[in-house]
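Here the structure comes first, spelled out in structure tokens, and everything after it is commentary.
The values are calculated or read from the model by the stated rules, or taken from the named source; none is laboratory data. As the structure is a prediction and not an experimental result, all values here were calculated from the model. When we count neighbours, we look across all protein chains shown, and the Cβ atoms used for this are built from the backbone with ideal geometry, even at glycine. To get the accessible areas, we keep the full protein, side chains included, count just its heavy atoms, and leave off ligands, DNA and RNA. Shrake-Rupley method; radii C 1.70, N 1.55, O 1.52, S 1.80 Å.
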Amino acid sequence: MIPSIEILIPKNLNEVLGILSNQNRVLRIIAGGTDIVTGLKQESKRFIDTEILIDINRVAEVKGIEKRNGKISIGAASTFMEIYKDQIVSKELPILEKAVATIGSLQIRNRATIAGNFVNNAPCADTVPALLVYNATIEIESISSKREISLQEFLQGPYKTQLKKDEIVTRINIPVPPKSFIGDFYKLGRRQAVAISRITLAVMMELNGNKINEIRIASGAVTPIGTRFQELEKFAQGNEVNDNFLKSLASRMGEEIIKLTGLRWSSEYKLPVVQQMFYVILRSATTKNL
């Protein structure tokens, strides 16, 4: 049963920041509510102490998607369906478009928001690997300061981030990728839809002839939080694309995951699937572009 909670509905960002600066009560921001409402119903320890919910759905500053100054700026309260249907995203960010299309059900995609997905920071957060390979940064504001940091820096651990009690994520900024970049997103769940991710992978790369000029690799669900594999990326850079090398790269990915997580009860079946799907993504992308 959801406890009695006061709900505030600010009209603009300044009102939100003013409310957040009040540290006398336990405040939480709500947009889609797909995590916090279910958490309250389940009496989750993460949410049960909530005294005030700040509904930001009428705050224009955290809405909308636009392309400016070489970046795509996505409002923190943009829903997955708004992102999926946006022409800028469809044209410039196909990996993110594919990631949001796999999330939950139609009803969830109509409600859930992109910032809610990574602020909650569940290991299975589907948008995180896609945002990581796009080198996304996030804008964070309080009544006294404004900062912009990388998403990877923002994520600290399962269900933990850098966000302070008096702060709100306002926008997600993604540099427009060069047209020469190719890549894909993969998700494995127990069902085709309405499934919590067991494995997610995002890969972007740029080829120079038949060599890898740059590659970005990120995963979710198989690691404690969404993670870029920067050592693996360095190893791959400059290598010639052929079947043997792609297989060795996929094998090394398994080794990198074990370094991060150690051997777990699920490693026996998850690692071979991750390695195979990573190989399939690499093979498919490079075959089409060589």
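Structural remarks
- Here N24 and A60 are evaluated by their C-beta separation; at R0 = 25 Å the FRET efficiency comes out at 0.35.
- Expressed as a whole percent, the accessible surface of the stretch 6-55 that belongs to carbon and sulfur atoms is 48, based on a 1.4 Å probe.
- For the chain, the relative contact order is 15 percent, taking Cα pairs closer than 8 Å that sit 6 or more residues apart in sequence and dividing their mean separation by the residue count.
- q = 0.15 Å⁻¹: log10 I(q)/I(0) that the Debye formula gives for the stretch 6-55, counting C-alpha atoms only: -0.40
- For the stretch 60-175, the Rg and Dmax computed from alpha carbons only, in angstrom: 13.2, 38
- Each peptide among 73-83, 170-180 gets the average number of other Cβ atoms lying within 10 Å of its residues, and from highest to lowest they stand as 73-83, 170-180.
- Computed from the Kirkwood radius of its Cα pairs, the Stokes-Einstein diffusion coefficient for the chain at 10 °C and 1.306 mPa s stands at 80 µm²/s.
- Separation of the E43 and T261 label points, Cα + 7 Å toward Cβ, nm: 3.2 nm
- Label point distance in nm, S150-K179, each placed 7 Å from Cα along Cα→Cβ: 2.8 nm
- Solvent exposure of the stretch 6-55 as accessible area per residue, Å², 1.4 Å probe: 55 Å²
- Figure legend: label point modelled 7 angstrom from the Cα of S4 along Cα→Cβ; residues of the stretch 42-71 with amide N under 18 Å from it are 48-53.
- Normalising the average separation of contacting C-alpha pairs (under 8 angstrom, six or more residues apart) by the number of residues puts the relative contact order of the stretch 6-55 at 57 percent.
- Report summary: the helix-based calculation at 222 nm, which adds -39500 (n - 2.57) for every DSSP H run with n ≥ 4 and divides by the residues of the chain, gives -10500 deg cm²/dmol.
- Basic side chains Lys and Arg get +1 at the Cβ, acidic Asp and Glu get -1 at the Cβ, and with that the dipole of the stretch 32-112 about its Cα centre reaches some 280 debye.
- Annotation for the stretch 205-266 versus the stretch 90-168: alpha-carbon center distance of 22 Å.
- DSSP beta bridge pairing in the chain, given as percent antiparallel to the nearest 5: 85 percent
- Taking the charge dipole of the chain about its Cα centre, with +1 at Lys and Arg Cβ atoms and -1 at Asp and Glu Cβ atoms, the residue from N135, V273, P177 reaching farthest to the positive side is V273.
- Charging the Cβ of each Asp and Glu at -1 and of each Lys and Arg at +1, and nothing else, the dipole of the chain about its Cα centre rounds to 440 debye.
- For the chain, with +1 on Lys and Arg beta carbons and -1 on Asp and Glu, the positive-most of I217, V62, F47 along the dipole: I217
- 20 °C / 1.002 mPa s Stokes-Einstein diffusion coefficient of the stretch 110-244, Kirkwood radius on C-alpha pairs, µm²/s: 134 µm²/s
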